[in-house]
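Colleague: One structure coming up, written as structure tokens, with questions to follow.
The values are calculated or read from the model by the stated rules, or taken from the named source; none is laboratory data. The structure presented is a predicted model; accordingly, all values stated were derived computationally and were not measured. Don't worry about glycine lacking a Cβ; one is built from the backbone with ideal geometry, like all the others, and counts go over all protein chains shown.
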Amino acid sequence: MKWNIDKLLIYIFIFVPFVFVAERCLAAQYDTSQTFNKEERQNLVRLFENTTFKKRVIQELFFDSRLKKMPIIVNRNVKNKEIKANYADFLSKYSIYLANQFAKKWRTMLARASRKFGVDSEVLVAVLLVETGFGNVLGRYSIVSVYSSIIIEHLRQQKQCALRNMTGCLDSTASHRLQKKAKWAEKELKALVEIAINSKRSLFRFKGSYAGAFGIPQFLPSSYLKWGYDSDKNGSVNLFLFPDAIYSTANYLKAHGWQKGLHHKSNQTVVWKYNHSQIYVDTIFKVAKKVKVYPPKNKLNNTRKAEPRVTLNAAKKRFKNPS
């Protein structure tokens, strides 16, 4: 998107401060402290009482000073509303140019994933464009803090409002959504801890979106465990590298019922499962229809298809684009 200097100045001096103040006002309903107290940290530890994780390890994780409370992020998860304009730029000439450049550069990997999983290369390119701009916008939030903040805010709201201390209590609609989000966050938090412990990576190295998704295809931790794919069978799944990101996205779409061909109506439901937004679904298909398919540079071999497998050792080394 091209900006002239006048538009840029208007955006910086008017729109940005407005959004900042608006978010602060909305977040006022939530606990505004930035750190978890001892009781809150202990509540997070208790979530893992009936799991196979060692208590000492869990205790260390949730009493780490890097775990931060994020009230504004809780607000965004509870009250966030999508705007059609948020997706408009993905259909610009420049965005489609980037999509076609990516399709060309990674044509061999895309062709292999397409053949293996029966998923169109065009939709893989579209998803990776819309999710993170091909890895350019990965998210900066510690996702363990995102999940922990949602869970603790829900517990705080329950306790505070049960005592009839109405200051800061959410209305019934927001409260119900927070309750659902807290249940979801608990599931994802446990999956994230499993990934971190099994891969021997710091829990705080996993950065992503305000919604707790990470990597180039923006997988949730539970999706990583189910559909993350080790593309080169080197014993690791790394969603911050394109080969695994491409294969994992294809694996996810196939597992949810993708049929080869963009014309299949049922495929829209598959993309909906990736992101529950009709605007998102429409954008993915519009982008996919503008993506050019390039033949792979190297002739694809006819080796037998291997069953999808997920491994959790994230000590994966970078390598050059195989195309």
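Colleague: When you scan segment 70-89, how many residues do you find that are farther than 19 Å from Val130 by Cβ and modelled with pLDDT under 90?
Modeller: Let us first name the residues in segment 70-89 that are farther than 19 Å from Val130 by Cβ, namely 70-75, 77-79.
Still in the running and modelled with pLDDT under 90: 79.
Residues flagged as farther than 19 Å from Val130 by Cβ and modelled with pLDDT under 90 within segment 70-89 amount to 1.
Colleague: Residues in segment 77-92: is at least one under 30 Å from Arg41 (Cβ atoms), among the hydroxyl-bearing types (Ser, Thr, Tyr) and over 19 Å from the mean Cα position of the chain (by Cα)?
Modeller: Filtering segment 77-92 down to residues under 30 Å from Arg41 (Cβ atoms) leaves 77-80.
Imposing the further condition that a residue be among the hydroxyl-bearing types (Ser, Thr, Tyr) reduces the set to none.
Within segment 77-92 (the criterion being under 30 Å from Arg41 (Cβ atoms), among the hydroxyl-bearing types (Ser, Thr, Tyr) and over 19 Å from the mean Cα position of the chain (by Cα)), the answer is no, since none of the residues qualifies.
One line per residue, one yes/no per condition, for (1) within 28 Å of Asn50 (Cα to Cα); (2) touching a residue at least 24 places away in the same chain (Cβ under 8 Å); (3) touching a Phe, Trp or Tyr at 6+ places or on another chain (Cβ under 7 Å):
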| position | (1), (2), (3) |
| --- | --- |
| Ser149 | yes, yes, no |
| Ala162 | yes, no, no |
| Leu178 | yes, yes, no |
| Arg201 | yes, yes, no |
| Leu241 | no, yes, no |
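Colleague: Of the residues in segment 253-299, how many are more than 17 Å from Gln218 (Cα to Cα), in a loop (DSSP other than H, G, I, E, B) and of a type in the set (S, T, N, Q)?
Modeller: 2
Colleague: Would you mind stating whether Val74 is surrounded by fewer than 19 Cβ atoms within 10 Å (Cβ to Cβ), out of contact with any strand residue (DSSP E or B) (no Cβ under 9 Å at 6 or more places or on another chain) and either more than 24 Å from Val270 (Cβ to Cβ) or among the hydroxyl-bearing types (Ser, Thr, Tyr) (or both)?
Modeller: no
Colleague: How many residues does segment 280-320 contain that are at pLDDT below 95, more than 30 Å from Asn198 (Cα to Cα) and among the aliphatic types (A, V, I, L, M)?
Modeller: The qualifying residues number 2.
Colleague: Could you please let me know if Leu67 is within 17 Å of the chain's Cα centre (by Cα) and closer than 19 Å to Phe214 by Cα? Quick ask: steps written out before the conclusion?
Modeller: On the way: within 17 Å of the chain's Cα centre (by Cα): no; closer than 19 Å to Phe214 by Cα: yes.
So Leu67 fails the test.
Colleague: Could you tell me whether segment 18-30 includes any residue that is at pLDDT 50 or above and out of contact with any Phe, Trp or Tyr (no Cβ under 9 Å at 6 or more places or on another chain)?
Modeller: yes
Colleague: Which residue is nearest to Glu153 (Cα to Cα), if the candidates are limited to segment 44-53 and must be in contact (Cβ under 8 Å) with a residue 12 or more places away in the chain and outside any helix (DSSP H, G or I)?
Modeller: Only one residue fits best here, namely Leu47.
Colleague: Let me ask something additional. Name the pairs: first residue in segment 54-79 and under 29 Å from Asp171 (Cβ atoms), second residue part of a loop (DSSP other than H, G, I, E, B) and of a type in the set (S, T, N, Q), Cβ to Cβ under 7 Å, at least 6 apart or on different chains?
Modeller: Correct list of pairs: Lys68/Gln34; Lys69/Ser33; Lys69/Gln34; Pro71/Thr32.
Colleague: In segment 109-126, which residues are in contact with a Leu (Cβ under 8 Å, 6 or more places away or on another chain) and of a type outside the set (D, E, K, R)?
Modeller: Residues satisfying the conditions are Leu110, Ala111, Ala113, Ser114, Phe117, Val119, Ser121, Val123, Leu124, Val125.
Colleague: Within segment 107-135, work out how many residues are assigned to a loop (DSSP other than H, G, I, E, B) and either at pLDDT below 95 or under 22 Å from the mean Cα position of the chain (by Cα) (or both).
Modeller: Residues in segment 107-135 being assigned to a loop (DSSP other than H, G, I, E, B) and either at pLDDT below 95 or under 22 Å from the mean Cα position of the chain (by Cα) (or both): 5 in total.
Colleague: If you take just the helices (runs of 4 or more DSSP H) that sit entirely in segment 136-239, which of them hold at least 3 residues that are surrounded by 14 or more Cβ atoms within 10 Å (Cβ to Cβ) and acidic (Asp, Glu)? Break it down stepwise before answering.
Modeller: Values: elements: 143-162, 172-199, 221-227.
Because the criterion is at least 3 residues that are surrounded by 14 or more Cβ atoms within 10 Å (Cβ to Cβ) and acidic (Asp, Glu), the helices (runs of 4 or more DSSP H) in segment 136-239 that meet it are 172-199.
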